[in-house]
1. Against the definition (without any contact (Cβ under 8 Å) to a residue 40 or more places away in the chain, surrounded by fewer than 20 Cβ atoms within 10 Å (Cβ to Cβ) and part of a loop (DSSP other than H, G, I, E, B)), how does residue 8 come out, yes or no?
2. Return the residues of region 12-46 that are assigned to a loop (DSSP other than H, G, I, E, B) and among the hydrophobic types (A, V, I, L, M, F, W, C); say none if nothing qualifies.
3. Of these, 88, 49, which one is part of a helix (DSSP H, G or I) and either surrounded by 19 or more Cβ atoms within 10 Å (Cβ to Cβ) or of a type in the set (Asp, Glu) (or both)?
4. Would you pick out the residues in region 97-132 that are assigned to a strand (DSSP E or B) and either among the acidic types (Asp, Glu) or more than 21 Å from residue 83 (Cβ to Cβ) (or both)?
5. Being polar (S, T, N, Q) and in contact with a strand residue (DSSP E or B) (Cβ under 6 Å, 6 or more places away or on another chain) is the filter here, so list the residues in region 54-100 that pass it.
6. Can you tell me which residue is surrounded by the most Cβ atoms within 10 Å (Cβ to Cβ) among those in region 91-132 that are of a type in the set (A, V, I, L, M, F, W, C) and free of Cβ contacts under 8 Å to residues at least 60 places away in the same chain?
7. Of the residues 29, 40, 79, only one is touching a Pro at 6+ places or on another chain (Cβ under 9 Å) and aliphatic (A, V, I, L, M); which?
8. Does region 56-85 hold any residues that are in a strand (DSSP E or B), under 18 Å from residue 38 (Cβ atoms) and charged (D, E, K, R), and which are they?
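The values are calculated or read from the model by the stated rules, or taken from the named source; none is laboratory data. Quick caveat: nothing in here was measured; it's all calculated off a predicted structure. Backbone-built Cβ (ideal geometry, glycine too); neighbour counts: all protein chains shown.
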Amino acid sequence: MSQEIKNDRVYTKDHEWAKDEGDAIAIGITAYAVEQLGDITLVNLDVAEGDTIEAGKPFGTVESVKTLADLFAPIGGTIVRVNKAALEERPELVNEDCYGAAWMVAIAPSDGAALGGLLDAAAYAKLLSDSH
């Protein structure tokens, strides 16, 4: 069981990660989420560059052989990049590299302190251990 948690990003209780890349915050789903979903068969990203999104609002869905899961924006802001082409062509990228090539969207935050409300790696690890 792979519970890989990276220290260079923050996490949500919905098992998404957010990584500050300077100009924007990249968003994806965690190894735990991937493990729970199983083999990803479809990724739908329902946003486009330039769209504004509110924290907590869905920006797409991930479909697997087991279930369909909504993707929620951990922060509000403007969508600056969408990894749509890569993930629509190869949804299995999410299973292969959820913390790298399978990033989903990048958001320029409307609030500079937006990441402050998210879980650091230690708090996310505790959330996972408490849920088992």
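1. Considered against the rule, which asks whether it is without any contact (Cβ under 8 Å) to a residue 40 or more places away in the chain, surrounded by fewer than 20 Cβ atoms within 10 Å (Cβ to Cβ) and part of a loop (DSSP other than H, G, I, E, B), residue 8 comes out as yes.
2. From region 12-46, those assigned to a loop (DSSP other than H, G, I, E, B) are 12-15, 21-24, 30, 38-39, 46; that's our starting set.
Matches in region 12-46: 24 only.
3. On the way: 49 fails: part of a helix (DSSP H, G or I).
The conditions single out 88.
4. From region 97-132, those assigned to a strand (DSSP E or B) are 105-109, 119; that's our starting set.
Within region 97-132, just 119 meets the criteria.
5. 61, 64, 78, 95, listed by residue number.
6. Of the residues in region 91-132, the ones of a type in the set (A, V, I, L, M, F, W, C) are 93-94, 98, 101-108, 113-115, 118-119, 121-123, 125, 127-128.
Filter again for free of Cβ contacts under 8 Å to residues at least 60 places away in the same chain, leaving 93, 101, 113, 122.
Working: 93: 18, 101: 14, 113: 8, 122: 10.
Applying the filter and picking the extreme gives 93.
7. Checking each option against the conditions leaves just 40.
8. Within region 56-85, 63, 70 qualify.
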